[in-house]
Amino acid sequence: QVQLVESGGGLVQPGGSLRLSCAASGLVFSRSTMRWYRQAEGKEREWVATVSEDSRAKLYADSVKGRFTISRDNAKNLVWLQMTSLKPEDTAVFYCNYKDVFRKDYWGQGTQVTVSS
């Protein structure tokens, strides 16, 4: 019954900002490392960011480092991805990700981010 629901995507101009949200249920969120991935059309899904259960560790792909910020609120079972200085190459469907103790991946439905003039 793990469920991840992304929201917040949309159309934004280059240099703009966007904040994505992921609402999680069916898991012990406060004990779960959470991740964001993205998949551009015709390309493989790529890892974007990771946040540990206590927010003490945050990791980013080189392509987004310095521009994106991952955060979470364990009281609300929410994960966010704050994106700034967006580039056309950031255009992709963004997915929230959780791996259970058996290393099975769970994904949300995705939210489309389009960066274009």
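The values are calculated or read from the model by the stated rules, or taken from the named source; none is laboratory data. Please read all numbers here as calculations on a predicted model, not as lab measurements. Here Cβ is always computed from backbone atoms with ideal geometry, including for glycine, and neighbour counts include all displayed protein chains. Keep in mind that these areas ignore ligands, DNA and RNA; they rest on the heavy atoms of the full protein, side chains included. Shrake-Rupley method; radii C 1.70, N 1.55, O 1.52, S 1.80 Å.
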- line: Quick calc: nm separation of the 7 Å Cα→Cβ label points for Ala61 and Asp73 -> 2.7
- line: Counting only DSSP beta bridges fully inside the chain, the antiparallel percentage to nearest 5 is 90
message: Quick check: pseudo-label points 7 Å beyond the Cα along Cα→Cβ at Gln1 and Ala23, how many nm apart are they?
response: 1.6
- request: Can you send over the carbon and sulfur percentage of the accessible area for the stretch 46-86, probe radius 1.4 Å, protein chains only?
  value: 48
- request: Return a whole-number percent for the relative contact order of the chain, with Cα pairs under 8 Å and 6 or more residues apart as the contact set.
  value: 36
message: Let me check something: with ligands and nucleic acids excluded, how do Arg35, Arg56 order by accessible area (1.4 Å probe), largest to smallest?
response: Arg56, Arg35
field: Projected label distance in nm at Leu11 and Trp107, using a 7 Å step from Cα toward the beta-carbon
entry: 2.5
